Number of protein chains: 2
Amino acid sequence: MSTRIVELRQGILKKNDQLARALRERFGAAGVLVLNLVSSPGTGKTSFLEITLRELRAQGARTAVLVGDLETDNDARRLARSGVPVKQVNTHGICHLDAEMVGRNLDVWEGLALADLDYLFIENVGNLVCPSSYDLGERIRVAMLSVTEGEDKPLKYPTLFNSADIAVITKIDLAAACEFNRELALGNLEAIRPGIRVFETSAKTGAGMEEWLRFLTSQQAGTMQS
Amino acid sequence: MSTRIVELRQGILKKNDQLARALRERFGAAGVLVLNLVSSPGTGKTSFLEITLRELRAQGARTAVLVGDLETDNDARRLARSGVPVKQVNTHGICHLDAEMVGRNLDVWEGLALADLDYLFIENVGNLVCPSSYDLGERIRVAMLSVTEGEDKPLKYPTLFNSADIAVITKIDLAAACEFNRELALGNLEAIRPGIRVFETSAKTGAGMEEWLRFLTSQQAGTMQS
C-alpha cells in the first residue's frame, strides 16, 4: 500500500478508536453489557441471537439490538419477532460497522435509553476480515464460526479471531453431516487466541445455549463494577 | 465517507480497472480462460476447485490456480494435490485480491507461461463484500453460495452477486439437513442478477459437476474468438 493510503487508514482507525473509547465509557456508565458479534455471512448470527433474545427476555432482562447489513432489513425483521427493540443499520457497501455508525444510530433511536438496558447486541456485517479493525466500544467481541465453514478459519482469518474475547461455534447439529473435526477446530482457535473460551451451539437443537446464557448473566452482573 | 476518502477510493479503483483491462487483453491474447471465484469464507471454493482441477486434468486440459488468503498456504497445498501449478497469494490483512497482485504474481511465477494454459482459476479471499469492486481481468466472475448460508445472501450482498457472471450453489448434499429453500434462493439470485446461470453442486457427491465442466469446456472453446 502507498504511504498515503497507510496514513489515511491509520487516521481513520485512530478516530474510530477515540469514538469507541467514548462509547465504552457511555456503555459502562449506563450499566449495559455490549457485545459485538462477528462472523462470515451465513454463520448463523441472527438465528443465534433470536434464541438469545427470547431467553433473556423470558428471564426479565432488557435487551436491544443494532444489526448491520449492506442492504435489506431482513435481519431486523427476524429479530424484532423476539419482542425486543431492534434497529437496522444499512452500510450501503461499507464492509463493517464502525463506532461512528453505532453512536449515531443510538443517538437517533427514539424511545431507547441505554440506562434502561441490561444488554446491547451489535450484529456486525457478515465479514471475517474488515470488522476486526473496528472497535465498536463493546465489552465482549464474539467471533462466530459454523461447523460447515471448515476447521481452518481461525488460521486463515487470524486478525478476527485474535481480536475476539469469546468464540462461538454454531450449527453443531450439522457436525456429523459435515465431518467436522472438533479437536482440530478447537486446536486452531487455541493456537490463534490461547485461552479463548469457546461455546459450541446449535440454534436448531438449543445445544450449548444454557451455558452461553449463564455466561451472559454472569458478565452482565459484573458490568457495573468493571 | 469524507470527500478525501471517496476520491482516494475512486483513484484506487480506477487504477485497478486499468491494470485489469491490461490483464484481460493479456489473457485473451494467450487464449487462457480466467475465472475469479468469490464467496464467503467456508462456502467450499477450494473443495469445488479440487474436483474441477482433477476433472479438467483428466480431460487433458492445462490449468493453473492463484489462490488468495490473508494468511496460510493451506489452500495452495490442498489444490497442489490435484497435480496442477498453484500459487498462494497472502494478502496479510487485505480483504480482497486486486489486479496488481494478480499481475505481479503471474510475473514472478517461474516456469508458468500463460500461452501454455487453457484455464487460470483465481480463488479470491473469502469475503462477500470487498472483492466485488476489484476486477482481476477475469472473463467469468463466479459468485458462490452454500446451502448452509441462508437463501437471502444475494439480497444482503447485492454488489457481489450483481457483478457476477455465474452463480454456483455448493454443498447441496446438506440441503435437507439445512432445510434449504431452493426456490427462494434461486428467486433471490434472479432478483439481483436477472438471467444469471446457476449451477447446483456438491463436492461430496459430485452432483452438478458434469454440467459445470461442460460449461467450462464450451467457454474455453470460445476464448480465442472473444
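One table, with the values for the structure above:
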| quantity | calculated |
| --- | --- |
| Paramagnetic label zone (point 7 Å from Cα along Cα-to-C-beta, B:Arg77; backbone N under 18 Å) in the stretch A:114-157 | A:150-157 |
| Computed P(r) (all Cα pairs; the protein assembly as shown; 10 Å bins; percent) | 4, 21, 31, 25, 13, 4, 1, 0 |
| Whole-Hz couplings from phi, Karplus 6.51/-1.76/1.60, listed for the stretch A:113-129; x for Gly and Pro | 10, 4, 5, 8, 9, 9, 9, 10, 9, 10, 8, 6, 4, x, 5, 8, 10 |
| Computed over chain B, the ratio Rg/Rh where both radii use C-alpha atoms and Rh is Kirkwood | 0.95 |
| Sparse-neighbour loop sites [GluC sites (Glu not before Pro); the stretch B:102-184; at most 15 other C-beta within 10 Å; DSSP] | B:Glu110, B:Glu179 |
| Of A:Lys204/B:Lys153; B:Lys87/B:Lys156; A:Lys153/B:Lys153; A:Lys14/A:Lys156, those spanning more than 28 Å from alpha-carbon to alpha-carbon | B:Lys87/B:Lys156 |
| Placed amide H near B:Arg197: partners under 5 Å, 5+ positions off or other chain | B:Ala167 |
| Using a 7 Å Cα-to-Cβ projection, B:His92 label spacings across copies, nm, ascending | 3.5 |
| Pseudo-label separations to other copies for A:Glu179 - Cα-to-Cβ vector, 7 Å, nm | 2.8 |
| Under-5 Å amide H pairs with A:Thr170, H placed in peptide plane, nonlocal only | A:Leu145, A:Ser146, A:Val147, A:Thr201 |
| Label geometry 7 Å along the beta-carbon vector: A:Arg197 inter-copy distances in nm | 5.2 |
| Extension gain from B:Ala115 to B:Arg214, taking 0.36 nm per residue of separation minus the Cα-Cα distance | 33.4 nm |
| Rg and Dmax [Cα atoms of the stretch B:96-226; Å; Rg one decimal, Dmax integer] | 16.0, 47 |
| Listed residues B:Ala164, A:Gln88, B:Tyr134: farthest to the positive end of the dipole of the protein assembly as shown (Cβ charges) | B:Tyr134 |
| Chain A, helix-only ellipticity at 222 nm - DSSP H runs n ≥ 4, -39,500 (n - 2.57), divided by all residues, nearest 500 | -12500 deg cm²/dmol |
| Sites B:Ala22 and A:Leu13 - FRET efficiency at Förster radius 25 Å, r taken between beta-carbons, to 0.05 | 0.15 |
| Karplus (6.51, -1.76, 1.60) ³J(HN,Hα), θ = phi - 60°, over the stretch A:171-176, in Hz, Gly and Pro reported as x | 6, 5, 4, 9, 4, 5 |
| ³J(HN,Hα) computed for each position of the stretch B:43-49 - Karplus, 6.51 cos²θ - 1.76 cosθ + 1.60, integer Hz, glycine/proline x | 6, x, 4, 5, 4, 4, 5 |
| Rh by Kirkwood over Cα pairs, then Stokes-Einstein D for the stretch A:1-97 at 0.890 mPa s and 25 °C, µm²/s | 158 |
| Once the Cα gyration tensor of the stretch B:63-141 is diagonalised, semi-axes √(5λ) in Å | 19, 15, 11 |
| Computed label-point distance, nm, for sites A:Arg4 and B:Asp107 using a 7 Å Cα→Cβ extension | 2.0 |
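Any read-out appearing in this document is the output of simple, stated calculations on the displayed coordinates, not a laboratory observation. What you see is a predicted model, and the numbers here were worked out from it, not measured in a lab. No Cβ is skipped: glycine too gets one built from the backbone with ideal geometry, and neighbour counts run over all protein chains shown.
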